Amino acid sequence: MAHPSLLRELVERCETLRRHAAVSGGNPEVARRLEDATHTLCVVTGTRQLDAALSVARRQLADAKTRQQPCHR
């Protein structure tokens, strides 16, 4: 599993670039940056598609957060 800070940064980058790609009208620079970020997130999550990578990354981030919280008795 990738470090939570890396996962968080990649998720934010992919989501931001996805929004920019939707409004940019096919800007090739935005598309290239989204493709690069998607590839990186897919590699670190062991997936092949952006939606799956985002889902896995979010689950891993939630798990990491749960592990960091102390148990209350």
Column: log10 I(q)/I(0), Debye, Cα scatterers of the chain, q = 0.19, 0.23, 0.27 Å⁻¹: -0.73, -0.95, -1.16
Cα-based helix-to-principal-axis angle, 50-68 vs the chain, degrees rounded to 10: 30
Whole-percent carbon and sulfur share, accessible surface of the range 1-49, 1.4 Å: 52
Helix 4-23 vs. the chain, principal-axis angle (Cα, 0 to 90°, nearest 10): 30
Stretchable slack from residue 9 to residue 62, in nm (0.36 nm times residue separation minus alpha-carbon distance): 17.6 nm
Around residue 28: net Lys/Arg minus Asp/Glu count, Cβ-Cβ under 15 Å: -1
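Where nothing but the Cβ of Lys and Arg (+1) and of Asp and Glu (-1) is charged, how large is the charge dipole of the chain around its Cα centre, in debye to the nearest 20?
Its charge dipole is roughly 340 debye.
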Rounded accessible area per residue of the chain, 1.4 Å, Å²: 73
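The values are calculated or read from the model by the stated rules, or taken from the named source; none is laboratory data. This is a predicted model, so every value here is computed, not measured. Backbone-built Cβ (ideal geometry, glycine too); neighbour counts: all protein chains shown. Heavy atoms of the whole protein, side chains included, go into the accessibility calculation; ligands, DNA and RNA do not. Shrake-Rupley method; radii C 1.70, N 1.55, O 1.52, S 1.80 Å.
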